[in-house]
Structures are given as structure tokens and as C-alpha cells.
Amino acid sequence: MTAPLIRLPSGAVIDGWRVLKELGSGGFAVVYHVQKNGQDRALKVALHRDASGDDKQTHARVMRELTVLLMLDHPNIIRHRGYGYAESGNVYLALDYVDGWTLAEWKERKHPTFHEVLRVFVKIADALVYMHSRGILHRDLKLVNVLIRKSDGEPIIIDFSCATYTQAADLTDSGHLPPGTDRFRAPEQFKFLREHKEEHRGRYAFQVADEIFAVGAMLYELLTDPRPTEARTRESLNNPAAMPPPARGLNPRVPEPLSDLAESILSRDPKRRPVDTEALRREIAELLADPGADYQAPAHVPSEQRQPEMLDGAAPAELHARRRKGWRIAAGAVGAVVLAAVAALWMLPGAPTLPAAAPSLPPVTPAPDMSPAPAPVAGTGPALAPEQKEGDLLKTQPTEPTKQARSSRERGQKTSPSAEVCKGLSLAAAVALGCTGVPVRPEPFTCPEGSQSAMRELHWRDGDRFRLVLDDRHDPEALGVWFRPGDTIVAVVPPDARDQRTAPPGTRFLGGKVYVMPDKTDSGKPGRIVVRFERAKLPRQDEVPVCVVVDTTADELKDGAGKTSNRDVGKAVDYWP
């Protein structure tokens, strides 16, 4: 078996190309800025050789990417410039070097107007129209996979390592979902995962509607988040049971037609999204043609992108609440604080009527987005065959009503959600939908492919355990720390955990989402506390995605929170049942 490619420093040489710097890396390849004979290129080098026992087939994926790019020639799609082999035997793909920012970086550095954002997205849509006409699906559209060239502001779609094309064969035998990034997956993918998790050969057939959803997720991020490059908990975008708040609800500067467009693209029902990327391009172009002054304003006040300044008169605490949870509403004759449904759900079919008052609840932080979404609403998503190849013919949805027909009137009457819908929702979703008395539980999930790959590189196996201080804000020896559902915490491997060879002392586990379940345990404890960690930072190493879960008993429950010792054990998992 051949070892993975060793990361190369500046000055190293790959087949005559001199490495200037590393541009980025992922689960399949490392990308370098290189130079030879005065030519600048981006060299994408597979992490493994061909036939090296590489379960992710990184060599085959780079060659698949070359095949895809040979079929494409568009000004807003990265261009290939050949391929070769490094001295180690790892295949590389030579690409145009784009001196630019990612979409997230461009947003923060250039403070674009809504008109400028639309100009970028109409070109992204045009590139997708071209790509889809040739039977190609990108399957991993996200903010870091679109570069804005500094010289002319043109968007360039990059990284086709997850792409597929008509009649392409599967590259791996494992996993129900195609490779991609969970935050930008359409909700119907998680619905499929729930329905077919027991079928070992079940495969989701990625469709044009999935690609359109990813475009909507990117647009929503730019409209609502002043600092999209920061790693932190955000609104869930693909919960099958609950839409995210409207863009205009989180950022009142967003013109209403643009907010409505983003909402339609992110619809839980694929049939309510634009029917194909040509329809998407036309709708964006219609808004781009609007000369209104509101479209000429920056999407966010530039000062917001440096510090949490006030937004349209809102105090920082109020602004934080808007971004994280929608709106808190005061009501009740005796001045009780009422936690109402988030503004976005006023527009959802089947959303509850706002109650006059509700019992006080613990503060809510939106759930991290890595986990597959909660229980689906009946009828959400298309009917999908349990087994299809990666390259099955592209599918589009039946012709939908025009944009004008997708009005607020057709959203229907608001009704209370059923117990089946409420069962097992995340805290944010359960509160937003008006569910009461529903235990909040972590959903079953399959660890994302990128996280599993990162854990393998750390030599972490499913079931490996790490002794932890659960919440680094409290005394490591505390025997009674309260954990509230929805909290996000950071755990650390303590100095005395000398037996933890794979997770040395000082290793930090980040993005820990807390769940508290009032289930009496066999030992007589009143409930359980579960924490899921998304990322890990080992001493003197880069932060990596992981799947680590703490499952412990609660010594006491009060107002939905649970109390337990601040010392416990985390476990690396490939799947959480």
C-alpha cells in the first residue's frame, strides 16, 4: 500500500513545476500555486497513487475531474491545462491560476452592493446552464468553490472533484449520498438518507434541483451574513421541516423581491424552486435589470464586517438575536417573555399560528448544520429510486408556476404541526414550529466523508475514546456543571490524559452541540446529555472536521437543562444510531 502524498513546502518541484505556496487541500487532493517557464498554474495533486489501496479513489477522482473539464469551455469555469505525474507517482491536474478571493472573502473585502451580488450570480447561473446542457453536475457548489478574479471581478467555478456526468460510473461503493458538503445539500438528500439508511446499496440520484438549492444557499449566505468567512454556528438551511428565516428578516437591507427569490430557491419542495438553471438565470437577470436605489446599496454596512455594529438602529444584542434565532416577541398580560416562532416560518405551509403566550424556555442556539436534518415532512422531495448510478441522466422538475404565482397567498393557511412532524426535531426547529413538550434529541447521522477522511489521517477509528474536560469555561474538576440544550461548547483533552496517544493533551474539540433528553436511565439517573463535536484542533496542527460524540448521564434536570460532571469521555464515530 502506498502512503498518501506528503505535503510539499515552497521551493519543492513537481514534474518541473516549482511550488510557490499551497492554495488549499481537501479529502481528495492538495492544490499548489506553481510556476514554470514564467507560467503560473494551479496544480491539483491526488493524495494517493493509482491502485494504492485508496478507498476514496483520489487518483480516479482527479482523472474524473480532467474528463469533466475536457468537456467544458466557459469563461466562468476553471480551465484545464493538461496533466502529469509527480515524482512520487501521484497524478496531477494543471489548471489556470486564478488570483482572486472566494465568494466569502470577496463579500468581506469588497462590500458589494446587491446589484454586484446579482451580477456575479447571473454569471454563475449562466455557467451552470452551459454545464448542465452537457450532462455535467458539479455537486459541491459552495462559497469556497467560486473565486472572484481580482483583475476583473469575474466569478470562476472551481473544484470539480465531486462532479459527475451522464453515464459516469460510481467511484466508491459506500455511502448513500454523493460526495459534497452537508450545509449546501438539498433537504431531500437527508430525507432519502433517513428512508434508505438500512439499504446498503441505496444511492441518491443527484439532480439539477440539488444544484439550484446550493446556489440558493450561497446567495442566502451573502445576503444574511456580514462575516461568512468566520467558523461559527449558523441558521440551518436544509432542515426538511423548517425553512430558514427570510433573508430580509435577518438583514432588512435586502430588497423584498431578492429575499423572495432566495426563499423560493431554498424551498423544501423541489417543485417550488426554479424549474432549471435557465429559469434561475432568467429570474436573477430580471432583478439585475431593476435600477432601484435599494439594489445599489451595499448588502451590509461595511462596519458590520469588522465588528458587531448596530444594524438599522438595533443594539448589538438584538442584532445577534436576529441573526441566530429570528425574532423574540414580548407578550402576555403580566409581561412574561414569549419565545415565538421565527419569522421565516410564518410563510411556511403548515406553520403554526403564533400563540398569545408560551412558557419560558432556555435560550436557543441554532443547531450545527453538519448533522442530517430532522424528521421529514410527508411529501417533501421527489420520489427517488433506492439505487441509481452517479451519472444517471440529469433530471429536472416538471414545469412550475411563474415567479409571480409563487406569492405569499399560495403558502396556505397556518396549522399546528402534527406530533409525528415534531417528534425528534432539534430544539430550534421544535420551538420554531410551535411544538411543545417534545423531547429534544440528536438525529441519527452518518459522519460526512470529509470528516471520516480527516479522522483516518489522525489514525482515529470508530469507537476510539478520549478523556475530556467537557466545557473549557468551567473548572475541569467541577462535579456539577449545567448544560442547556442548544448550547455550543468547546471540550479539551486535559494534561493528565497521558494515555491518549491519538488525541494528545491540549487537543480541543470545537462546535459541540448540546442535547438534553429527559429519559430515565437504567442506573436511575433522570436523563442523558449528548454532545456532538464537529471539529478538532490538535496542538500545532490545523483544525480538521471530525465526528466525536459524548453520551453521558445527567445527575439532575431542571428547566430543560442537565447537570453532570465536567469530566467525561468522547468517542469517535462513523455513524450515530
request  = Kindly write out, for segment 549-560 in residue order, the coupling ³J(HN,Hα) from the Karplus curve 6.51 cos²θ - 1.76 cosθ + 1.60 (θ = phi - 60°), rounded to whole Hz, with x marking Gly and Pro.
outcome  = 10, 9, 10, 9, 8, 9, 6, 7, 10, 7, 6, x
inquiry  = 5 Å is the cut-off here: which amide hydrogens, built 1.01 Å from N in the peptide plane, fall below it relative to residue 554, excluding neighbours closer than 5 in sequence?
reply    = 527, 528, 529
key: Charge dipole magnitude, Cβ of K and R +1, D and E -1 - segment 13-96, Cα centre, debye nearest 20   = 140
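So how do 10-21, 92-103 stack up, highest first, on mean other-Cβ count within 10 Å? Don't skip to the answer; put the middle values down first.
Numbers: 10-21: 14.1, 92-103: 20.1.
Ranked from most to least packed, the peptides come out as 92-103, 10-21.
What length, rounded to one decimal in nm, is gained on full extension from residue 10 through to residue 540, with 0.36 nm per residue of separation minus their alpha-carbon distance? Please report the intermediate quantities before stating the final value.
Working: separation 530, 0.36 × 530 = 190.80 nm, distance 1.92 nm.
That pair, residue 10 and residue 540, stretches by 188.9 nm at full extension.
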query = Can you work out ³J(HN,Hα) from phi for every residue in segment 187-193, in order, using Karplus 6.51 cos²θ - 1.76 cosθ + 1.60 and θ = phi - 60°, giving whole Hz and x for Gly and Pro?
reply = x, 5, 5, 6, 4, 4, 4
Compactness index (Cα Rg / 2.2 N^0.38 Å), segment 104-231 = 1.14
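Over its Cα atoms, what ratio of radius of gyration to 2.2 N^0.38 Å does segment 13-96 give? Display every interim value, and only then the final one.
On the way: Rg = 12.4 Å, N = 84, 2.2 N^0.38 = 11.8 Å.
My calculation over the Cα atoms of segment 13-96 gives 1.05.
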key: segment 447-576 - Rg over Rh from alpha carbon coordinates, Kirkwood radius   = 0.97
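Using 0.36 nm per residue, how much length does the chain from residue 39 to residue 105 gain when fully extended, once their Cα-Cα distance is taken away?
Going from the current span to full extension adds 21.2 nm.
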ask   = Ranked highest first by average number of other Cβ atoms within 10 Å, how do 482-488, 553-559 line up?
value = 482-488, 553-559
key: Pair residue 465, residue 253: separation of 7 Å Cα→Cβ label points (nm)   = 5.1
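Could the peptides 214-227, 538-551 be put in order, highest first, of the mean number of other beta-carbon atoms found within 10 Å of their residues? Walk me through the intermediate numbers first.
Values: 214-227: 23.2, 538-551: 17.1.
Ranked from most to least packed, the peptides come out as 214-227, 538-551.
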query = Using modelled backbone amide H atoms (1.01 Å from N, in-plane), which distant-in-sequence or interchain residues come within less than 5 Å of residue 83's amide H?
reply = 94
task = Before anything else, pin down the relative contact order of segment 54-210: Cα pairs under 8 Å, at least 6 apart, normalised by residue count, whole percent.
result = 25
inquiry  = For a quick check: with amide H placed at 1.01 Å from N, whose amide H comes under 5 Å from residue 234's, ignoring anything fewer than 5 positions away on the same chain?
reply    = 369
note = Here segment 21-29 yields Karplus 3J(HN,Hα) values (6.51, -1.76, 1.60; θ = phi - 60°; whole Hz; Gly and Pro given as x) of 6, 7, 8, x, 8, x, x, 10, 7
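Every number here is computed from the coordinates shown, using simple stated rules; none is lab data. Small disclaimer: the values here were computed from a predicted structure and weren't measured. With ideal geometry, Cβ positions are generated from the backbone for all residues, glycine too; neighbour counts draw on all protein chains shown.
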